[in-house]
Amino acid sequence: MSQSSTDKRYVRQMVLPQIEPEGQALIAASHVLVVGAGGLGCAALSYLVAAGVGQISIWDADTVSATNLPRQLLYRAEDIGRFKVEAAKTQLQGINPDCLIQVQNRAFTPDADIVVKPQLVLDCSDNFKARFDINQWCFRNQVNLVGAAASQLSGQLWLCHHAQQQSRQGCYQCLFGEGELPVENCLNQGILGPVVGTMGTMQATQALLILAGNKSENQFVQVNWQTLQWQNMHIHQNTQCSLCA
């Protein structure tokens with residue numbers, strides 16, 4: 001795409017003082033790793049690709065099922081049985097063919113070998129173990145993390161700036177400790193589609209602001225979408241954390 005057509009495509013976000021042409025150039029030059037192509041991932045990926053992120057890697061081992069369709073809007077009925085990453089790639093390339101999309105149809109692990117180090121990781125997984133693994137990888141590789149979770153009618157969002165370890169801010173593991181982790185999934189707790197989509201959209205918003213060079217601190221946000229009650233707190237380092245302390 002030519003420079004003039006690029007400017008025209010992204011003009012609505014480039015006029016924002018938080019983005020501007022310089023920020024858009026940073027977004028276009030960035031590589032984002034998205035772990036999870038479910039409800040969170042579908043929403044976040046759609047906006048990241050549409051906003052002009054230059055390269056995106058997607059990791060997910062699951063296939064599309066009929067129960068995914070009410071909340072995972074990248075998929076169609078004819079995608080049932082396909083790997084989510086392959087079906088998502090097809091749709092995302094239609095949104096913005098200038099975005100380089102690479103996929104891995106396997107689970108993410110703390111020792112995952114990422115050839116091209118990303119500027120940012122989005123945790124769009126759906127269980128505590130995966131979130132701990134992703135947080136661990138980001139901390140060890142000094143990559144900033146934007147995570148989210150959704151259950152029933154509530155959602156959570158967290159920012160962990162692992163590329164700034166000298167600031168000694170806390171990590172996701174500081175929040176939840178290292179005890180026995182609860183089992184959490186849509187099957188046993190239920191989820192309303194717009195709830196998980198909204199949290200994924202919030203991830204994409206924070207990701208784009210960070211990629212464009214805006215500063216923020218490690219934060220944890222919890223919202224109840226039925227009552228519209230919000231809680232926002234800074235993530236402080238747990239001196240007993242085996243990962244970051």
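Taken over segment 216-240, residues that are under 18 Å from residue 200 (Cα atoms), part of a loop (DSSP other than H, G, I, E, B) and out of contact with any helix residue (DSSP H, G or I) (no Cβ under 9 Å at 6 or more places or on another chain) amount to 2.
Condition check for residue 57 on (1) touching a helix residue (DSSP H, G or I) at 6+ places or on another chain (Cβ under 7 Å); (2) not in a helix (DSSP H, G or I): one failure, at (1). Of all residues in segment 115-132, exactly one satisfies the criterion of being in a loop (DSSP other than H, G, I, E, B), touching a residue at least 12 places away in the same chain (Cβ under 8 Å) and β-branched (Val, Ile, Thr), namely 116. Inspection of segment 194-213 identifies no residue that is surrounded by fewer than 17 Cβ atoms within 10 Å (Cβ to Cβ), more than 14 Å from residue 122 (Cβ to Cβ), out of contact with any helix residue (DSSP H, G or I) (no Cβ under 8 Å at 6 or more places or on another chain) and modelled with pLDDT under 95.
Candidates in segment 133-161 are the residues that are touching a strand residue (DSSP E or B) at 6+ places or on another chain (Cβ under 6 Å) and part of a helix (DSSP H, G or I); of these, the one that is nearest to residue 218 (Cα to Cα) is 138.
Among residues of segment 58-76 that are exposed (fewer than 15 other Cβ atoms within 10 Å of the Cβ), those with a beta-carbon under 8 Å from a residue that is among the polar types (S, T, N, Q) at least six positions away or on a different chain give the pairs 61/105. Pairing each residue of segment 5-20 that is modelled with pLDDT under 95 with any residue that is of a type in the set (Lys, Arg) and outside any loop (DSSP other than H, G, I, E, B), provided the two are 6+ apart or on different chains, yields no C-beta distance under 8 Å.
Return yes or no: is residue 36 in contact (Cβ under 8 Å) with a residue 60 or more places away in the chain and on the phi > 0 side of the Ramachandran plot?
On the way: in contact (Cβ under 8 Å) with a residue 60 or more places away in the chain: yes; on the phi > 0 side of the Ramachandran plot: yes.
When the stated conditions are applied, residue 36 passes them.
The values are calculated or read from the model by the stated rules, or taken from the named source; none is laboratory data. Note that this is a predicted model, so its numbers are computed, not measured. Note that each Cβ is placed from the backbone with ideal geometry, even for glycine, and that neighbours are counted across all protein chains shown.
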